[in-house]
Structures are given as C-alpha cells and as structure tokens.
Amino acid sequence: DERLIVANHDLLTASKLYVLTEVARALAVQMELPALLQSVIEKITDVLDPAELGLVMLWDPATRRFWPRAVAGATVSDLREVFEISLKENESITGKVFTEGRAQLLNTPSTVMNEKLNVRPVTQEAMAKIYGPATFPQSVIAAPLQAGENRYGVLVLETLQGTTAFSATDLPFVQALADLIALEIDRAKLDAEATAAHEAREANRLRSEVMAALSHELRTPLAAIKGYATALMIEEVDWAEEKQQEFLRLIDQETD
C-alpha cells in the first residue's frame, strides 16, 4: 500500500511537472498577448485532465467588468458565447478570487450550483447557453492572476463531464499556472509602457526638429519684414511714394 501511495504521488508529480513544462513552452513563444493567452489556455485544457473548460478572465478598469480574453474547452459547443459574458466586482467565484487574492475551489456540484446561482440573471442566461440544459460544472478551481502589486484577473478551470474533479491538492498547482500567466501579462504591460515611452520620446524629438526647422524658415522672412517696416517708420527719411510702395510690396511677399 505504501509503495502504491508513493507511486501515485510520483505519477501526479510527474504529470504536474509535464503540464508546467508545456505551459512554460507555450508562454515562451513570441506573439501578441491575446494570441498567447489563447495558446496557453488551450494547452492547459489539453494536458490537464480535470480541466475541460478554461478561461482567462481579465479585469477591465474602464468598464469595471471581468471579460473572457481567452477560452478553451472541447465540451462547449460554441465558445463564442463565452466571450459575451461579463462579470461585475465580487460576482461569482471570479470576483471573489480577484478581491481576496487567493485561489479557491468548488469541488462538488452543489457548491458549484450555489455559486453559479449567486450571479445576475443576465449572467445565468448566458451560462445556460454555454453549458446547455443537461450539463453543469462538476468542479471549479480559480486562481488570481497577480504579479507583485498588480492584479490582472483570474484563471478559471472547470470540470464539466469528466469523472476526475479538482481537489484541494490542486490549488497550489493551479496558482503556479496562474502566476506564470500573470508574469507574462505583466511583461507585456511593461513592454507596452516602454514602447509608449519610446514613441513619446520620438514624437518629442520630431516635434523639436520641426520647431527648429520652422524657426529657421521663419527667421529670414521675418527679418526682411522687420527691416522694411522699420525703414518706413524712420521719421528722418522722407521716402518717395514709389519707394514706400516697393517696401510694402516686399513686406507682402515676405509675409506670404
């Protein structure tokens, strides 16, 4: 019996290490963040047995909603329906995990049902379209996507029809997956900020060059306008009408 326990433990450890390795490989690919998140969630649902539906729910401060930014799951007929769901603060397990900053597990259909019912009617209707009348999650595990002080959203994994449900021992592992995703989101955010700062510096440089060129181009005609105007205002000189008209014509030309 002890040998069997050790063997099962080693098998689970190897399986989780494999999942972490595959997710790390997916994160190492150079691509835009939305495509990267989609690739990672597809990899998780593909190699992690209990995960039949996976979602990366990101918090949008502008709308104050959680939105699915990556969804994968072979048991859901139309994943496009999932992208239409949005959750408010503290709504469903997603909102609670985000607020409390720790992974949570719903490992029985009854606890899942109670949690799913504790959402707005519009969200319930959207979920009914996704799961169908005869299907409902058997277990749900969610972990916050957080890097340092920055909170980005929640990783949600669900078991729908399979016999293998998530357990409490999966919490640290799923949190490790969420941490890997959060670090990639944080890196993408820093890259975007660095790019924006570089573009701002480049814009300022170009603006300075344009202003310098404009100043140079303006200096010559302005000097001529100033000279002719000053000449006309000299009281000691009685300019002939023809000369005055010439100066005024030159002023008009330089102004153009």
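The values are calculated or read from the model by the stated rules, or taken from the named source; none is laboratory data. On a predicted model such as this, the values are computed, not experimentally measured, just so you know. Heads up, the Cβs are rebuilt from the backbone with ideal geometry, glycines too, and the neighbour counts pull from every protein chain shown. Each accessible area value is taken on the protein alone, full model and side chains, heavy atoms only, with ligands, DNA and RNA left out. Shrake-Rupley method; radii C 1.70, N 1.55, O 1.52, S 1.80 Å.
Some values worked out for this structure:
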{"quantity": "Helix 241-255 axis, angle to the chain major axis (alpha carbon atoms, nearest 10°)", "calculated": "10"}
{"quantity": "Radius of gyration and maximum dimension Dmax of the stretch 197-256, Cα, Å", "calculated": "18.4, 60"}
{"quantity": "For Met31, net neighbour charge (Lys/Arg +1, Asp/Glu -1) across residues whose Cβ lies under 15 Å away", "calculated": "0"}
{"quantity": "Lys, Arg +1 and Asp, Glu -1 on Cβ, resulting dipole of the chain about Cα centre, debye, nearest 20", "calculated": "1100"}
{"quantity": "Rg over Rh, two decimals, the stretch 37-125 (C-alpha only, Kirkwood Rh)", "calculated": "0.94"}
{"quantity": "Rounded percent of accessible protein surface that carbon and sulfur make up, the chain, 1.4 Å probe", "calculated": "56"}
{"quantity": "Cα→Cβ-extended label distance, 7 Å offset, between Thr220 and Ala197, nm", "calculated": "4.1"}
{"quantity": "Stretch gain in nm, segment Arg64-Asn114, where the contour uses 0.36 nm per residue and the Cα spacing is subtracted", "calculated": "15.6 nm"}
{"quantity": "R0 of 25 Å, Cβ-Cβ distance Glu236-Asp256: FRET efficiency to nearest 0.05", "calculated": "0.25"}
{"quantity": "Equivalent-ellipsoid semi-axes of the stretch 149-256, from the Cα gyration tensor, Å, largest first", "calculated": "77, 12, 9"}
{"quantity": "√(5λ) per eigenvalue of the Cα gyration tensor, the chain, largest first, Å", "calculated": "68, 21, 14"}
{"quantity": "Accessible area in square angstrom per residue, the stretch 99-189, 1.4 angstrom probe", "calculated": "47"}
{"quantity": "Mean residue ellipticity (222 nm) of the chain, computed from DSSP H runs ≥ 4 via -39,500 (n - 2.57), nearest 500", "calculated": "-20000 deg cm²/dmol"}
{"quantity": "Mean Cβ neighbour count within 10 Å, used as a protection proxy, ranking 57-70, 171-184, 218-231, 201-214 highest first", "calculated": "171-184, 57-70, 218-231, 201-214"}
